[in-house]
Amino acid sequence: MALLPYADQNKDASPEILKALSQPNTLNVAKMIANSEPCFKQFGKLGGALFTKARLSPKLREIAILKTAKACHSVYEWTQHVPAARHVGVTEEQVAAIENWQNAKCFSELERLVLQLTDEVAVNVKGRRETVEALKKHLSGAEIVELILTIGNWRMVAGLLETLEVDLEPFAGKFNILERLR
């Protein structure tokens, strides 16, 4: 059970927040973030931009999110993003190998660099210069910034999920969260 009530259970929630949370299959992470109305209103903009407007390939984004989920021990984040990762081309073999990617043969050179930077940023905050230089051979500056923002955004979300013990929904992992953004 979550350590704070979800905003849709909060008597002080505004009608605007309650309306936003009344959509079918609203995720508990959204219901938790909505406890802060100003943050809730802005939070979705960054995630939405990273999902729908970023130049970074969706497959690389989802690989980074899954690796971040593993690094942060976030079962919720992992469960919700596995279907999204599959949808954008991450293979079953890659999903299974995310945690111990260093020894896996199923990742391309670029995917391995994304996993390396994700490990560095998710665990140590700062990525190594050598990793960024290697990524520059494959990705534009915009894509590298988007990759770092992706890692940071889902690292922050994992912190919220794990600290407040946000519950997995009964439907967790059964639908592709990317479909909800269309």
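The values are calculated or read from the model by the stated rules, or taken from the named source; none is laboratory data. Remember, it's a predicted structure, so these values are computed and weren't measured experimentally. Neighbour counts are summed over all protein chains in view; Cβ atoms, including those assigned to glycine, are modelled from backbone coordinates with ideal geometry.
For segment 66-87, a residue qualifies if it is surrounded by fewer than 21 Cβ atoms within 10 Å (Cβ to Cβ) and polar (S, T, N, Q), and exactly one does: T79. Selection of segment 154-169 for residues being more than 13 Å from Y76 (Cβ to Cβ) and either among the aliphatic types (A, V, I, L, M) or surrounded by fewer than 18 Cβ atoms within 10 Å (Cβ to Cβ) (or both) yields only M156. In segment 74-88, the residues that are within 17 Å of T163 (Cβ to Cβ) form Cβ pairs under 7 Å with partners that are assigned to a helix (DSSP H, G or I) and among the charged types (D, E, K, R), at six or more places apart or across chains, as follows: S74/E162; W78/K70. For A97, the criteria (1) touching a Cys at 6+ places or on another chain (Cβ under 8 Å); (2) closer than 25 Å to P5 by Cβ hold in every case but one, which is (2).
Please determine, by comparing only the residues of segment 5-30 that are assigned to a loop (DSSP other than H, G, I, E, B) and in contact with a Lys or Arg (Cβ under 8 Å, 6 or more places away or on another chain), which one is surrounded by the most Cβ atoms within 10 Å (Cβ to Cβ). Once the filter is applied, the top-ranked residue is Y6.
Quick check on my filter: what residues within segment 107-127 are in contact (Cβ under 8 Å) with a residue 12 or more places away in the chain and more than 18 Å from H81 (Cβ to Cβ)?
Result: E109, L110, L113, Q116, V123, G127.
Restricting attention to segment 88-130, the residues that are modelled with pLDDT under 95 and either of a type outside the set (S, T, N, Q) or crowded, with 18+ Cβ neighbours inside 10 Å (or both) add up to 4.
Scan segment 46-66 for residues that are within 10 Å of the chain's Cα centre (by Cα), farther than 15 Å from M156 by Cβ and modelled with pLDDT of 95 or more and the total you get is 4.
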